[in-house]
Amino acid sequence: MSSRYDAVVMGAGHNGLTTAAYLAKSGKKVVVVEARDVIGGLAAGEEFHPGYRTAGVLHDTTAVRKWVIDDLELRKHGLETRKAPPPAFIPQMEGPGYLHFRDARAAQKEIGAHSKHDAESYRQYRAFIRKISPVFRSVFDEAPADTDSLGLADLWGLGKKALSLRMLGKEDMMEIFRIVPMCVADWVNEWFESDVLRVALAGPAIFNTMTGPWSPGSNLNLLMSEILVDSAVAGGPAALTEALEKAARAQGVEIRTGSPVGHLKLAEGRIEGVILANGEALEASLVAASCHPKHLFLDLLPSRALPIQFEQNLLGYRSRGVVAKINLALNGYPQIRCRPEFQPEILRTGELIDDLERAFDPAKYRMFSVEPMLDIWVPTVENPALAPAGHHVFSIQAHFAPYELEGGWKEARKEEFFDAAMSVLNRYVPGIAEYIVAAEVWSPVDLEEQYGVKGGHLHHGEHAIDQLVVRPVPECPRYETPFEGLYLCGSGSHPGGGITCAPGALAARAMLSD
């Protein structure tokens with residue numbers, strides 16, 4: 001049995017739904033096929049204990065692009081955005097802790113409690129970030145140029161980017177060239193003297209990366225985390241997924257869950273559709289894949305179909321997961337040692353730059369950190385409906401837990417890592433164990449098995465300079481692949497991972513322009 005469509009989109013995560021909505025809005029007949037029984041992918045909020053729901057494996061929606069929200073009219077489908085990103089709290093063993101705001105005026109009191117010098121430096125820092133933002137936005141909010149063909153449109157785009165960079169002035173232009181390849185520790189040390197502010201900025205630069213703060217190139221991720229953030233979606237990832245689903249269905253998109261793809265249908269190098277695992281054929285001259293690139297090319301296509309150099313480049317694409325996901329169901333919000341009455345929405349551990357580096361060090365030797373860095377979101381602060389009244393959920397990304405762990409991720413090792421993470425948390429939130437109703441631990445191997453992310457990497461590949469400028473490999477420019485009609489539209493393509501909707505939207509634009 002077969003069905004005919006204009007386009008098949010593989011994967012009903014936020015990028016897949018975004019691509020499908022754009023294509024359908026242009027008049028195409030689109031079907032989305034999702035292997036799991038729920039939509040949302042890594043952004044899907046699911047019940048992990050009776051009455052308690054996660055925010056999603058990925059929990060940060062602060063980088064969702066406003067222009068995608070506008071293009072797809074997501075507000076008409078119930079999406080609301082918050083006025084500002086929620087501040088992140090860095091607790092201290094000795095000291096008041098630090099609540100980090102992006103806005104310089106809101107941050108003055110908190111920074112001033114640690115350093116009067118840094119309060120002024122932070123104003124200058126934010127002014128510099130604002131100044132260089134248009135240059136970075138022009139790179140990460142637009143499709144990359146096709147460096148092989150460099151047609152008129154590509155040359156015009158490159159020219160505009162070069163002009164916007166030159167218009168900053170020679171001093172700022174040279175500063176960008178200097179700071180992008182730096183390690184994040186060096187750059188924040190240039191700006192600030194207080195350890196807690198340095199950590200607040202450097203932490204997000206190494207999230208989901210096989211790097212520490214002293215690793216070269218890590219500063220690019222800081223710049224991305226600072227510049228590409230707008231606000232946050234009210235209700236978190238689940239609310240975004242719901243709005244995207246409504247927008248797609250309103251345009252006539254068909255969404256099939258529990259429908260894994262068995263293999264792609266090719267004829268003389270051109271895509272002709274997909275064959276589902278149950279044998280059903282979905283015919284289409286256009287297939288957009290939001291899954292991991294290695295899964296697409298290495299699992300769903302015969303190896304003889306891959307050009308040799310392309311296959312080698314793909315095998316070299318780094319996708320080393322370093323994060324374990326921990327979900328805690330709590331019967332209340334436990335007191336934070338340094339601010340007992342405060343209930344922040346975001347907590348991040350680590351008081352010194354070297355704390356972050358020491359957390360990373362074991363990953364280089366295929367060992368997990370005995371003092372992991374914890375990125376904790378408490379979605380029930382904003383959305384109490386995710387847990388019973390008065391109860392809470394801690395959504396924790398625990399770094400560093402390498403996919404290729406020495407000895408493998410057996411249950412005993414997962415328990416050891418969980419105990420290590422709880423030991424760190426208990427340091428700042430004493431008595432946390434007394435609040436735990438239930439706990440769920442996902443190793444990178446578990447994440448790969450459940451969500452199809454090769455290597456357990458939540459961004460479908462590492463965010464490194466070489467893998468952001470060209471993503472995933474040179475043979476896939478502008479979301480195209482070596483196979484006519486087959487495109488990438490997920491986090492493994494430009495401009496990378498996280499909950500942004502940008503790859504899905506930019507890929508759809510590229511498909512429609514082609």
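Brief remarks follow.
- Among the residues of segment 287-328, those that are among the small types (G, A, S), open to solvent by 10 Å² or more (accessible area, probe 1.4 Å) and within 21 Å of M210 (Cα to Cα) comprise G316, S319.
- Residue count, segment 244-272 (criterion: in a loop (DSSP other than H, G, I, E, B) and surrounded by fewer than 19 Cβ atoms within 10 Å (Cβ to Cβ)): 7
- Odd one out for P91, checked against (1) out of contact with any helix residue (DSSP H, G or I) (no Cβ under 6 Å at 6 or more places or on another chain); (2) modelled with pLDDT of 95 or more; (3) open to solvent by less than 50 Å² (accessible area, probe 1.4 Å): (1)
- Cβ-Cβ under 9 Å pairs, at least 6 apart or on other chains, segment 329-350 side without any contact (Cβ under 8 Å) to a residue 24 or more places away in the chain and surrounded by fewer than 17 Cβ atoms within 10 Å (Cβ to Cβ), far side of a type outside the set (F, W, Y) and part of a loop (DSSP other than H, G, I, E, B): E341/Q335
- Which numbered condition P402 fails, given (1) open to solvent by 10 Å² or more (accessible area, probe 1.4 Å); (2) under 18 Å from the mean Cα position of the chain (by Cα): (1)
- Residue in segment 422-436 that is modelled with pLDDT of 95 or more, part of a loop (DSSP other than H, G, I, E, B) and not small (G, A, S) present: yes
- Segment 335-354, residues that are under 28 Å from the mean Cα position of the chain (by Cα) and either under 17 Å from H392 (Cβ atoms) or assigned to a strand (DSSP E or B) (or both): I336, F342, Q343, P344, E345, I346, L347, R348
- Residues of segment 94-114 that are without any contact (Cβ under 8 Å) to a residue 60 or more places away in the chain and touching a helix residue (DSSP H, G or I) at 6+ places or on another chain (Cβ under 7 Å): F101, A104, A107, Q108, G112.
- If you filter segment 111-151 down to residues that are open to solvent by 60 Å² or more (accessible area, probe 1.4 Å), of a type in the set (S, T, N, Q) and modelled with pLDDT under 90, you find that the one that is farthest from E171 (Cα to Cα) is S149.
- Residues in segment 171-219 that are assigned to a loop (DSSP other than H, G, I, E, B), surrounded by fewer than 17 Cβ atoms within 10 Å (Cβ to Cβ) and of a type outside the set (A, V, I, L, M, F, W, C): P181, E193, P216.
- Extreme residue, least open to solvent (accessible area, probe 1.4 Å), among residues of segment 94-108 that are in a helix (DSSP H, G or I) and in contact with a Pro (Cβ under 9 Å, 6 or more places away or on another chain): A107
- Selected residue (only one of Y451, Y435, Y487 is among the aromatic types (F, W, Y), open to solvent by 10 Å² or more (accessible area, probe 1.4 Å) and farther than 24 Å from L42 by Cα): Y435
- Being crowded, with 20+ Cβ neighbours inside 10 Å and small (G, A, S) is a property that does not hold for A389.
- Evaluating H460 against the criteria (1) modelled with pLDDT of 95 or more; (2) in a helix (DSSP H, G or I); (3) more than 20 Å from M373 (Cα to Cα) leaves one unmet condition, (2).
- If you go through segment 109-125 and keep only what is under 25 Å from I376 (Cβ atoms), not hydroxyl-bearing (S, T, Y) and not in a loop (DSSP other than H, G, I, E, B), you end up with K109, E110, I111, D118.
- Enumeration of residues in segment 466-496 that are of a type in the set (S, T, Y) and within 14 Å of the chain's Cα centre (by Cα): S491, S493
- Within segment 300-323, residues that are under 20 Å from R471 (Cα atoms) have Cβ atoms under 8 Å from residues that are buried (at least 17 other Cβ atoms within 10 Å of the Cβ) and among the hydroxyl-bearing types (S, T, Y) in these pairs: R320/Y403; G321/Y403; V322/T209; V322/Y403, counting only partners at least 6 apart in sequence or on another chain.
- Members of segment 223-269 that are without any contact (Cβ under 8 Å) to a residue 12 or more places away in the chain and closer than 19 Å to A44 by Cα: R249
- Residue in segment 222-243 that is under 18 Å from the mean Cα position of the chain (by Cα), at pLDDT 95 or above, surrounded by fewer than 18 Cβ atoms within 10 Å (Cβ to Cβ) and not in a helix (DSSP H, G or I) present: yes
The values are calculated or read from the model by the stated rules, or taken from the named source; none is laboratory data. For clarity, every value in this text was computed on a predicted model and none was experimentally measured. Note that each Cβ is placed from the backbone with ideal geometry, even for glycine, and that neighbours are counted across all protein chains shown. Note: accessible area is taken over every heavy atom of the protein model, side chains too, but ligands, DNA and RNA are not part of it. Shrake-Rupley method; radii C 1.70, N 1.55, O 1.52, S 1.80 Å.
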